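The next block holds one structure in the form of structure tokens; read it before the comments.
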């Protein structure tokens, strides 16, 4: 009998106990070698009984059929060459996980970008920029395919263009949230999505902390862009610290509740990040030396636009030269501001201010927000 079916039967029963599952699978492999093959289901039944459970043969047969019918799907086991080496080093790596997409990206150097589902526009912009720049530097961007910062991180990597990995908190035969189904398809074209959960598993609350240890475990570092004090991103950061990974956090406006989690991490010793250069500066040299050289595309006579450690440590100069427009940008700061407060800060009339804001918005330097507020665009 195919050992894969036996492994799937054990996985369906023991996926929430990865260390117990790992021991059962190891015993299964040893018995297969010793017996010269698996003849019947008795051995696997006994292994499951020792773990106080029963193998789920019906689910195993259904899963094996799905794997055989889904061209881009595969089962990745601990010890296989394509298993992420960083993930194999954590205390409780998933003995098996399901993947859809380009498996070779699993062994490339990854960096994780996570944050709030209720992200601010500024947070989304920054996650996009960080992911795009770090993808251009050679990293695979890993995140959780959630709304807000996670989705922005995946899109930023795809825009680089570069591969990205989405780790699901549900079975791999479904996408959560459903609004990200199209994004998942785009990810699988050059990267992949993965899940250690059985097929059909729903996005239950206790699945996400388990997913988070995989996100941090596969990466050399974790970047938190926005997070409240009760955010799951802080749990991911705790996992990263326990796994010996570098933790980076983006500071925010002191009155922004989505910045408090990042500020808490910074107080605890996380590295402050404003741009991709800060991330590169905070990673060990041996990690950077393993990065692939970014490909050169487009006009060979054109100056390269990809990131470098030097170019990403400072932002480009502001292209606005009109004195009053500069005054407005300075008054905006880096948090949303309404027009009344801008009038007080700049001394301009409401009519003049509205005209300047319109021009800045059309040039892409300012964004209008609901409620009559405005903010700078990175």
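Bear in mind that the values in this text are calculations on the coordinates, not laboratory data. This one's a predicted model, so the numbers in the text were calculated from it and none came from an experiment. Cβ sites come from the backbone with ideal geometry, for glycine too, and all protein chains shown count toward neighbours.
Tabulated results
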| item | result |
| --- | --- |
| Relative contact order of the chain, pairs being alpha-carbon contacts under 8 Å that are 6 or more residues apart, as % | 12 |
| Footprinting exposure proxy for 170, 262 (fewest neighbouring C-beta atoms within 10 Å first) | 170, 262 |
| Cα gyration tensor, the stretch 104-313 - rounded (a/c under 1.5), prolate or oblate | oblate |
| Degrees, to the nearest 10: 18-35 long Cα axis against longest axis of the chain | 40 |
| Simple spin-label estimate for residue 182 and residue 286 in nanometres, 7 Å along Cα-Cβ | 4.4 |
| Rounded to 10°, Cα long-axis angle of helix 181-190 versus longest principal axis of the chain | 80 |
| Virtual spin-label span in nm between residue 3 and residue 52, 7 Å along Cα→Cβ | 2.9 |
| Residue-averaged 222 nm ellipticity for the chain, from DSSP H runs of 4+ at -39500 (n - 2.57), nearest 500 | -13000 deg cm²/dmol |
| Gyration tensor verdict on the stretch 115-223 (Cα atoms; rounded if a/c is under 1.5, prolate if a/b is larger than b/c, oblate otherwise) | prolate |
| Matching label, Cα extents along the principal axes in Å computed from the structure shown, candidates [x] 79, 54, 52; [y] 86, 55, 41; [z] 85, 46, 39 | [z] |
| Whether the stretch 1-66 is rounded, prolate or oblate, judged on the alpha carbon gyration tensor where a/c under 1.5 counts as rounded | oblate |
| Potential lengthening between residue 102 and residue 341 on full extension [0.36 nm per residue; Cα-Cα distance subtracted] | 81.0 nm |
| Exposure proxy ranking, count of Cβ atoms within 10 Å, fewest first, for 107, 236, 142 | 107, 236, 142 |
| Sequence ranges 46-59, 267-280, 240-253, ranked by mean other-Cβ count within 10 angstrom, highest first | 240-253, 267-280, 46-59 |
| Fewest-first sequence of 43, 90 by Cβ atoms within 10 Å of each Cβ | 43, 90 |
| The chain: angle of helix 207-218 to the longest principal axis, Cα-based, in degrees nearest 10 | 80 |
